Each structure stands twice: as structure tokens, then as C-alpha cells.
Amino acid sequence: MPGNVRRMPTPLTAETIVTAPKVLLHDHLDGGLRPATLIDLADEVGYRDLPSTNVPDLARWFSESAYSGSLERYLETFTHTTAVMQTRESLVRVASECVQDLAADGVVYAEIRFAPELHTERNLPLTEVVQAVLDGVAAGTRAAIQAGHPIRARILLTAMRHAARSREIAELCIAFRDQEVAGFDIAGAEAGFPPTRHLDAFEYLRRENAHFTIHAGEAFGLPSIWEALQWCGADRLGHGVRIVDDIKVDRDGTAELGLLAAYVRDKRIPLEMAPTSNVQTGAASSIADHPIGLLTALKFRVTVNTDNRLMSGCSMTSEMTALSEAFGYGWDTLQWYTINAMKSAFLPFAERLTIIDNVIKPGYDRLRG
């Protein structure tokens, strides 16, 4: 073929999207276990409350629970996963498999979050919880490289917003900041537990020049987003779906942004969106109706994420495939999402540029033909 003849673009299918480089900023460690691993670990630690010990049946139970419309049943799913993640060995295994699964899905950079305080039921100290996950991430990274799927993986430490250990967890972030702990997060029910309850932790992190994201605007709406940004100083928003409540779309399709929405867009504040999870929690009625379509058109700093791969039965490939099918997106838009995420990563600037220039752009150029 003559050198000046451009190849035809690779069609977008799940089989081709899996080969595209991806960046994942919002993935919960306790929401991504392999069903088979969950069964193995439950047997090892003597946990007898799993809904099933058959892999397909257990995977189906998690999916049905996530789509049940019942918050109580959805939260019950995490009771099972955290129950088997109470030893160093289990944490190492789960973290290692997480990284390997992401790498096999084409993820080249990932930030994996978990709440250390949820893994101390067997008196494992918080520092040992964090070290176990870091050791697992390192083992998974080595295994992924050996399998031909290089990945850079880091972790975020999460504090539960209904508890009172956020300052303690924030101090752990600083203690481990030179060991691939990228930053801090708070998670849990938004209603009744505003981010300002943890202002001490956020002020401490800012004094230490640390990065943090806040789950906001998934269930509670604009006040949660406003507090996360204007009181707490969040670098990113976990979900942030409800920012659309501050956008009015006229009959002619013209969008009018309220003051908060305009601020979020103008400041290029990253939105960690997880379409399938958002549908499950009622933040959107379907992928086609998800606010990500409007926010993408308006050029907000949108990123695509998995949230909880076990509960949602999803992967980065399935999320991008679903968006491509719902909105007709091509390789250019998928690359835009990926570069958005890499620009927003809690990683030194020069390292972000290296991944964008040497991995992401060449990967998508190959697929575009």
C-alpha cells in the first residue's frame, strides 16, 4: 500500500474498543471483586452469608441487587465484599486482581479508591490495610506488564462521610503520598452528610498541597456540588451528574448555564461520571438519557468511569461501547474522554503529558487509521 494512502478507520465494537488506551479515575476496590474470588475468600475466612456460592448465580445476584431500585439492597452488596477483605492476604489478592483486570481491559492509568476504615474488623491497623493494598497494586502491575498490558495504578484513600475518621484518613494519605497514594475522597450517602462535616480534613490536605475528590451531585444535587467546591475546595467531583439541574435547554437547543454550572465548566473541574452506575442509582433513566450527552456537547471536563464493576457488571470497554451506541460517538470522542481523564489525574504534570503523548494519542491514531 502506498505510504500516502490512509487506512480505513477501525470500526467501533466492543472487540476493538477493548484495545483502546483508557484512563480510569473512579473505581471502588470493594466494588470490583471477581465473583470467583469472592467465593474463594468467603470460604477461606469462614464467611457463610453469601447469597450463592455458584459464580454465575452470584454475579447475577449482584446485578439484580444493583438494579433493584432499593438502596438498602444495593448497600447490602458491599457488606458481602468488605466482609472478605479483612486480612492482609485478601487485600493483596483483591488489589492485584483489580489491577490485572483493568489492564486487560485496556486501562493504562487507574486510580483505585477504597475506605481503609472498612477493613479493620479483624484488628488490622489502618497502616497495614493501606500497605496491603499498595503491595497488591504493585503485584498486579508486575503481572499485567508480564502479560503484555502495561498499566500505572495508584490508590485514593476514602473516608466515609457518615463517620468521623476523615482527618485520620487524610493524614494516612500524606504519610503514604510517596508510595502511590494519589489522594483523598469521601463517599457514602450525601443527604444529611454534607462534605462540610469533614472541613478539617480538607483544610489539612490543602495545607499539605494534596489532591482530593469528593462524591457530590450524584443523589443530593446542586447544594452538594457547591459545598464540595466552594467550601471544601475539591479538585474533582465524584459523579457530579446533578450539575445539569443548573442548565436550562431552550426549545431551539440553546443551553443557558447557571452560575454554578458555568463555574464548573469555566474552571475545567473534572466530572467523574459512571453512566451504568448512575442509571442504577436513579441519577439517569437510561444511558441514552444520561446527562453525559449534554455535558459532552457543552464541553464540560467529562470523564468516563466504572464506579463498581461487580455491582454494575461493567468495564471501561462496556461503558465506552454503550456511549458510542447511544450517542454515535467515534474514536475522536473516546480519545477526548481519555485525555480529559489523564489531564485530571492526580499525577505530576510531566508524567501525565508523557502518557498522553506516548500512549493515548498513538493508540487512538492507530484505531482511526
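Rule-based calculations on the coordinates, nothing more; no lab input. This is a predicted model, so every value here is computed, not measured. Neighbour counts are summed over all protein chains in view; Cβ atoms, including those assigned to glycine, are modelled from backbone coordinates with ideal geometry.
In units of the compact-protein estimate 2.2 N^0.38 Å, the chain shows a Cα radius of gyration of 0.96. Residue-wise HN-Hα couplings along region 204-214, as the Karplus relation 6.51 cos²θ - 1.76 cosθ + 1.60 with θ = phi - 60° gives them from phi, are 4, 5, 5, 5, 8, 6, 9, 9, 7, 10, 9 Hz; Gly and Pro carry x. Under a 5 Å amide H cut-off, with hydrogens placed 1.01 Å from N, His290 pairs with nothing among residues at least 5 apart or on other chains. Across the chain, the mean sequence separation of Cα contacts (distance under 8 Å, 6 or more residues apart), normalised by length, yields a relative contact order of 20 percent. Based on Cα contacts under 8 Å between residues 6+ apart, region 264-334 shows a relative contact order of 34 percent.
With K and R counted +1 and D and E -1, the other residues having a Cβ less than 15 Å from that of Gly313 yield a net charge of -4.
Put a plus charge on the Cβ of each Lys and Arg, a minus charge on the Cβ of each Asp and Glu, and nothing anywhere else: the dipole of the chain about its Cα centre is then about 1060 debye.
What does the charge count near Arg88 come to, summing +1 for each Lys or Arg and -1 for each Asp or Glu among other residues with Cβ under 14 Å from its Cβ? Could you put the intermediate results ahead of the total?
Values: positive: Arg93, Arg122; negative: Glu44, Glu89, Glu121, Glu128, Asp135.
After counting each charged neighbour, the total is -3.
For each of Cys173, Cys98, count neighbouring Cβ atoms within 10 Å of the residue's Cβ, then give the residues from fewest to most.
Details: Cys173 25, Cys98 29.
Ranking Cys173, Cys98 by Cβ neighbours within 10 Å, fewest first, gives Cys173, Cys98.
Diffusion of region 243-351 by Stokes-Einstein, at 25 °C in a medium of 0.890 mPa s and with Rh set to the Kirkwood radius over alpha-carbon pairs, works out to 167 µm²/s. 3J(HN,Hα) along region 133-145, derived from phi through the Karplus expression 6.51 cos²θ - 1.76 cosθ + 1.60 where θ = phi - 60°, amounts to 5, 4, 5, x, 4, 5, 5, x, 5, 4, 5, 5, 4 Hz, with x in place of Gly and Pro.
Out of every Cα-Cα pair in region 69-118, what percent are more than 12 Å apart?
Values: 875 of 1225 pairs.
Here the long-distance tail beyond 12 Å is 71 percent of all Cα pairs in region 69-118.
Rounded to whole numbers, the Karplus 3J(HN,Hα) couplings from phi for region 348-359 are x, 3, 4, 6, 4, 4, 4, 5, 4, 6, 9, 10 Hz, using 6.51 cos²θ - 1.76 cosθ + 1.60 with θ = phi - 60°, and x at Gly and Pro. Seen from every direction in turn and averaged, the convex hull around the alpha carbons of region 149-203 projects onto 4.6 nm². The residue list Gly240, Ala104, Pro11 was ranked by how far each Cα lies along the charge dipole of the chain toward its positive end, using unit charges on Cβ atoms, and Pro11 comes out on top. What net charge do the residues around Arg268 carry, taking every other residue with its C-beta under 10 Å from that of Arg268, with Lys and Arg at +1 and Asp and Glu at -1? Its environment carries a net charge of +4. Students often forget the sequence filter, so: which lysines lie under 20 Å Cα-Cα from Lys248 once same-chain residues fewer than 8 apart are removed? Once the sequence-local lysines are set aside, what remains near Lys248 is Lys267, Lys299.
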